[in-house]
Amino acid sequence: MSLPLPDLPPALLLAIPLIVLAGYTIFGATGFGSAVVAVPLLAHLVPLTTAVATMTTLDFFAAQHTAWRQRHHIAWHEFRRIAPAAVVGIALGGTLLLNLPPRPALTALAIFVGIYGAYVLSGAPRPRHAPAWLAIPTGVVGGVFSCLFGTGGPV
């Protein structure tokens with residue numbers, strides 16, 4: 001029994017795994033960032049919902065592997081604080097992903113990537129300790145971005 005290939009040009013069938021490889025090269029070097037790299041590039045080739053679903057599925061397994069290896073370094077008290085808010089954000093992000101028309105979703109992705117890229121390139125200092133109250137808004141926003149764009153990364 002053979003699986004049918006999608007009706008895509010051969011160059012596209014080659015580009016998709018190369019984009020995913022580039023994303024996971026970043027993930028291997030930093031522990032996050034696979035979807036931040038791959039989803040915007042994949043969105044040029046396939047619908048955003050397909051790009052997000054693909055990277056989210058792959059990221060699930062990659063994040064599980066990373067979390068298992070690094071489980072002794074997880075701040076469990078912080079995780080328990082942020083997890084309920086992230087679940088709410090994931091529900092909101094999933095609703096947006098399924099109901100937003102493609103054009104506004106792609107525009108929002110472009111804005112998100114631009115702002116995130118500017119933040120990273122700015123060299124802004126990262127706080128060492130965030131106040132506890134930030135867990136709720138951070139969890140909700142992280143959950144929305146994670147589900148809407150597949151870019152939340154491992155907690």
> Of the accessible area of the range 15-82, with the probe set at 1.4 angstrom, what percent is carbon plus sulfur?
Replying inline: 71 percent
> Using the alpha-carbon atoms, what tilt in degrees (0 to 90, nearest 10) does helix 48-69 show relative to the longest principal axis of the chain?
Replying inline: 50 degrees
> How much area per residue is accessible in the chain when the probe is 1.4 Å and only protein heavy atoms are counted (Å²)?
Replying inline: 67 Å²
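Are there trypsin sites (Lys or Arg not before Pro) in the range 46-155 that DSSP puts in a loop and that have at most 14 other Cβ atoms within 10 Å, and which ones?
Numbers: sites: Arg69, Arg71, Arg80, Arg81, Arg128; in loops: Arg128.
When the trypsin sites (Lys or Arg not before Pro) of the range 46-155 are filtered for loop state and at most 14 Cβ neighbours within 10 Å, Arg128 remain.
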> Which of these values of Kirkwood radius over Cα pairs in Å was calculated from the structure shown: (1) 17.9; (2) 16.7; (3) 19.0?
Replying inline: (2)
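Just to verify a number: FRET efficiency for Ala124 and Leu100, C-beta to C-beta distance, R0 = 35 Å, to 0.05?
Working: r = 29 Å, r/R0 = 0.84.
Here the calculated transfer efficiency is 0.75.
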> What spacing in nm lies between the two simple spin-label points modelled at Thr138 and Ala83, each 7 Å away from Cα in the Cβ direction?
Replying inline: 1.7 nm
> Using 7 Å Cα-to-Cβ label points, what is the Ile74/Ile111 separation (nm, one decimal)?
Replying inline: 3.3 nm
>> Suppose a student asked you for the relative contact order of the range 16-155, using Cα pairs under 8 Å spaced at least 6 residues apart; what percent would you report?
In response: 37 percent
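The values are calculated or read from the model by the stated rules, or taken from the named source; none is laboratory data. Computed from a predicted model, the values in this text were never measured in an experiment. Note: ideal-geometry Cβ built from the backbone for every residue, glycine included; neighbour counts use all protein chains shown. In case anyone asks, the SASA skips ligands and DNA or RNA and just uses the protein heavy atoms, side chains included. Shrake-Rupley method; radii C 1.70, N 1.55, O 1.52, S 1.80 Å.
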